[in-house]
Amino acid sequence: MEASQARLTPSTTLQTRVIAGCLYARQPEPYAYTSRVHQLGNGLLEATLLPEFEWREVDALSPIAQEHYAEALAKPHALSHQELLDRAADNRRRSTQRARTTVRRLAKAKALTTMLTLTTRENITDRVVMARHLDAFFKRVRRLFPSFEYVCVLERQKRGAWHAHIAVRKFAAFLPHKGTLVKSYNLFRALWHGVLGGPDRGNVHASHANKRTRGSISKLAGYLTKYIGKHFDGNERHANSYSASGRSLPGPEVARISTSDYCVAVAQLRERVLALCEGPIQFHQAHLDGGGFFVSVEPAS
């Protein structure tokens, strides 16, 4: 789709704010764009393009308007029950989007290509209890493999029990344990069984049976984010949370593109991204609400 075709029509609603007793209005067209390029390693890259809008002074408030404005600040409007619900829903949506973005980038930066799913026979409906079991599991794994990297999100089963989806790096079919080589999945299962208290208390399923994610960092990262906020409609607590072996990510390279033309800004971002890539790539793009643009790049398979 051409950039010009997908650009959103500027809002006809006049956005205003009061600054130092004067009324300001946001201009409907951006005056520039800000690009952020995240180089995540392993040939993976994400970039965003967001518009910048100018606020222009409309007029000074009259004495009466200033008085009413001061009264409104001193006695803010009490929100109705529905307004409180709407505000909470908006906050949850923003939180969900931030968590999905972070989980996706963490999985890419850590080069995670394999999915483990940990389940329990017991119907554990308390998320805190499940999180405690997972913490014990990760400690046992990292005692054996200090460099173990993962990103973990939780999902409820239909019966109400929590189970964990854990993205990890690809590991060998056999791993060393107590002076001998054992099948890697058997080792992970043994560690999980040790946490739960027996071999009949739960299981560990590997992602090699899942063709949608096998061998692709980007596909697995995208698949993992689907569980973030999955229980949003049910107002599930902790629905947006996740755990990871370190959450530090490389900071973005920020640049301003001094143009008000969306198509020109998109073209410049594409040029910047392509200049950072080597060899054949897969190029994905999307047009964001509010007039933004998103790019994701990965090596061609």
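Nothing in this text is a laboratory measurement; each read-out follows from the coordinates by a stated rule. None of the values given here were measured: they were computed from a predicted structure. Please note: Cβ atoms are built from the backbone with ideal geometry, for glycine as well, and neighbour counts cover all protein chains shown.
Brief remarks follow.
- Residue among Ala109, Ala99, Ala72 with the largest mean-square fluctuation in a Gaussian network model of the chain, springs linking Cα atoms under 10 Å: Ala72
- Global form of the stretch 124-230, assessed from the alpha-carbon gyration tensor, a/c cut-off 1.5: oblate
- Potential extension, Asp90-Glu29 segment - 0.36 nm per residue separation minus Cα distance: 19.5 nm
- Of the residues His177, His165, His68, the one that moves most in a GNM of the chain with alpha-carbon contacts below 10 Å is His68.
- Straight-distance candidates among the lysines for linking to Lys139, with alpha-carbon spacing under 29 Å and chain neighbours fewer than 8 residues away dropped: Lys108, Lys110, Lys158, Lys170, Lys178, Lys183, Lys219, Lys226, Lys230.
- Loop trypsin sites (Lys or Arg not before Pro), the stretch 128-161 (other Cβ atoms within 10 Å of the site Cβ: 11 or fewer; DSSP): Lys158, Arg159
- In this simple spin-label approximation, Ala172 and His284 carry label points 7 Å from Cα along the Cα→Cβ vector, and these lie 3.2 nm apart.
- Within the listed set Cys22, Cys152, Cys263, the residue fluctuating most in the Gaussian network model of the chain (springs between alpha-carbon atoms under 10 angstrom) is Cys22.
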